[in-house]
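Structure, as structure tokens:
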Amino acid sequence: MTLMSHNGPPAILDGDLEVGPDDWQGRAFYFLMNALVIPRPIGWISTLSARGVKNLAPYSHFNLMGSNPFYCAFASTGVKDSLRNLREVPQFVANIVSLELLERMNFTACDFPPEEEEFGWAGLTPVPAATVRPFRVGEAKAHLECEVAHIHSDGNANIVLARILHAHVDPSVWRNGRVDPKLLDPACRLAGSGYAALGELVNVQRPEWTNVKGTQGQEAMPREERR
């Protein structure tokens, strides 16, 4: 049983908030989740219909899942063109959104009819992928080419789990043997219509038991290094 502290989103929080998914009406809990789980990466998902129509849509419920083998996942709220296409052609490209592409990415979130291609409307270049049928966004600096492994539908949530087959990275975001996050400059999704840049970057080394064993308290805790 959920302990509910408020019947709806309060204008002022006068105490701890306790709420479950079914406690508030409408999309209030959805907005709460999107405000708490931030920042989120954006999967700019390009798919292809069985008739060959190119589709491009952004999903902020997106992330890397596992590393042996590598998977990624994104969730569609409701059945949209991306999901319909994946049931016909079970492959997609997750294009990484740099901030310079923010407005064009946002434009592709419009509810275009299925026969309309977002690439053209947003002035984007469809580029053939290396291993899958859907196209890359030519202006994006990195791409993950994926093959659908499973689509899990529960109510209005449709979670697409896909195996990563191939990655492409533009030389402009590569420095010292790896992707430089400042050069990639990914758009970070917040709640509502909000987005953010990476901001200040911080490094914290992962602790190892060999260094922690024999110490007391937190004296062996690695400290952050700002850059």
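Taking Cβ atoms as reference points and 11 Å as the exclusive limit, the residues near I164 contribute a net charge of -1, counting Lys and Arg as +1 and Asp and Glu as -1.
The slack in the chain from D16 to L165, taken as 0.36 nm per residue of separation less the alpha-carbon distance, amounts to 49.2 nm. For the peptides 200-206, 175-181, 155-161, 84-90, the ranking by mean Cβ contacts within 10 Å, running from highest to lowest, is 84-90, 155-161, 175-181, 200-206. Simple point charges give the picture: +1 on the Cβ of Lys and Arg, -1 on the Cβ of Asp and Glu, and for region 82-227 a dipole about the Cα centre of about 580 debye.
At the listed q of 0.09, 0.14, 0.15, 0.18 Å⁻¹, the Debye profile of region 28-200, built from one uniform point per Cα, gives log10 I(q)/I(0) equal to -0.28, -0.72, -0.83, -1.24. Placing dummy labels 7 Å off each Cα toward the beta-carbon, the span from N68 to D23 is 4.0 nm.
In region 12-40, which residues have a backbone nitrogen under 15 Å from the label point lying 7 Å from L190's Cα in the Cα-to-Cβ direction? Zone members listed by number: 32, 34-40.
The residue among L32, V169, F112 whose Cα reaches farthest toward the positive pole of the charge dipole of region 28-200, with charges on the beta-carbon of Lys, Arg, Asp and Glu, is V169. The distance separating the Cα centre of region 19-97 from that of region 132-182 comes to 12 Å. For the chain, the share of DSSP beta bridges that are antiparallel, to the nearest 5, is 100%. Given R0 = 35 Å, the distance between the Cβ atoms of A220 and N176 translates into a calculated FRET efficiency of 0.80.
The H on the amide N of Y195, modeled in the peptide plane, is under 5 Å from the matching H of L190, each at least 5 residues off or on a different chain.
The numbers here are math on the coordinates, done by the rules we state, and not lab data. Quick caveat: nothing in here was measured; it's all calculated off a predicted structure. Don't worry about glycine lacking a Cβ; one is built from the backbone with ideal geometry, like all the others, and counts go over all protein chains shown.
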